[in-house]
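Asks: This is the structure I have questions about; it appears just below.
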Amino acid sequence: MAVRVFNQFHTKGARSSKMLASVVAMLAWKLAIESIKRMRKAYYDIDAGKPYFDFVCEFLVFLAHAADRIAYRSLDTGQRAEFTTALAIRLAEMVEESHEALLGSAEPGVAQRAFIDLFNRRGADYGEYDYGPTGPDFGFKRMFASALREILPEKDKLWVIDQAMDIEAPDAIKALEKAMAGLFGGEAAGPVGAPERAKAQTSSGMGGE
């Protein structure tokens with residue numbers, strides 16, 4: 001079942017970074033759930049509970065860092081930082097809201113802070129790689145695949161790298177690019193020769209406030 005991509009508002013006018021981030025966050029969540037469904041159909045064991053929760057978190061972090069690079073094409077430095085911060089915080093709120101259903105109750109804010117910590121740590125990892133005119137480079141996708149590999153059981157570890165790099169990442173990035181091109185009034189990733197590569201932000205990360 002395809003994910004419906006929202007990439008237009010029905011009313012005109014400028015949109016705040018928080019509103020744009022909320023739309024992107026909702027899409028990222030849908031894409032993560034869709035990926036789990038597809039991988040389960042391919043006989044990957046992503047059990048309910050912690051494996052499911054960890055998979056969703058890694059998927060969301062991957063898309064958040066990809067969205068940050070895409071935002072580079074349309075936003076200035078300050079706007080980009082505001083958007084990416086709002087996106088990470090909204091995703092962390094969604095993770096917090098889903099934590100009890102998947103893993104049971106916990107001290108309020110624990111899951112949210114853990115997600116922000118994961119986002120910051122992965123920022124250093126993804127920051128080693130490029131996100132060019134045609135999307136994430138090999139290393140960016142390989143980093144994503146390696147993160148998923150650590151979550152899955154031993155029987156799936158060998159196969160998930162190809163699944164993540166050849167199917168899950170490209171499908172999710174295609175939907176993300178399409179949505180953000182519409183929301184930001186830019187263009188989706190295209191042929192080589194488009195504008196310069198987006199660099200990872202050099203900030204030291206963000207807190208969980």
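Asks: Which one of 75, 91 is buried (at least 23 other Cβ atoms within 10 Å of the Cβ) and out of contact with any Lys or Arg (no Cβ under 7 Å at 6 or more places or on another chain)?
Replies: 91
Asks: Could you please let me know if residue 56 is in contact with a Leu (Cβ under 7 Å, 6 or more places away or on another chain), buried (at least 19 other Cβ atoms within 10 Å of the Cβ) and touching a residue at least 40 places away in the same chain (Cβ under 8 Å)?
Replies: The answer is no for residue 56.
Asks: Now a separate question. Across the range 135-187, what is the number of residues that are within 15 Å of residue 35 (Cβ to Cβ) and of a type in the set (Gly, Ala, Ser)?
Replies: 6
Asks: So, one more: Just for the range 2-56: of the residues that are aromatic (Phe, Trp, Tyr) and assigned to a loop (DSSP other than H, G, I, E, B), which one is modelled with the lowest pLDDT?
Replies: Top of the filtered list is 9.
Asks: Could you look through the range 107-130, keep only residues that are in contact with a helix residue (DSSP H, G or I) (Cβ under 6 Å, 6 or more places away or on another chain) and not aromatic (Phe, Trp, Tyr), and pick out the one that is farthest from residue 47 (Cα to Cα)?
Replies: 125
Asks: Would you mind stating whether residue 161 is part of a loop (DSSP other than H, G, I, E, B), of a type outside the set (S, T, N, Q) and at pLDDT 80 or above?
Replies: The answer is no for residue 161.
Asks: Report, by residue number, each residue of the range 165-174 that is over 21 Å from residue 25 (Cβ atoms) and either modelled with pLDDT under 95 or of a type outside the set (Asp, Glu) (or both).
Replies: Correct list: 165, 167.
Asks: Let me ask something additional. So the check is Cβ under 8 Å with 6+ separation or different chains; which pairs have a first residue in the range 145-163 that's under 17 Å from residue 48 (Cα atoms) and a second one that's among the basic types (Lys, Arg)?
Replies: 149/157
Asks: A further question on this structure: Residue 59: modelled with pLDDT of 95 or more and under 13 Å from the mean Cα position of the chain (by Cα), yes or no?
Replies: yes
The values are calculated or read from the model by the stated rules, or taken from the named source; none is laboratory data. All figures in this text were calculated on a predicted structure; none of them were measured in a lab. Counting neighbours? That spans all protein chains shown, and the Cβs are built from the backbone with ideal geometry, glycine included.
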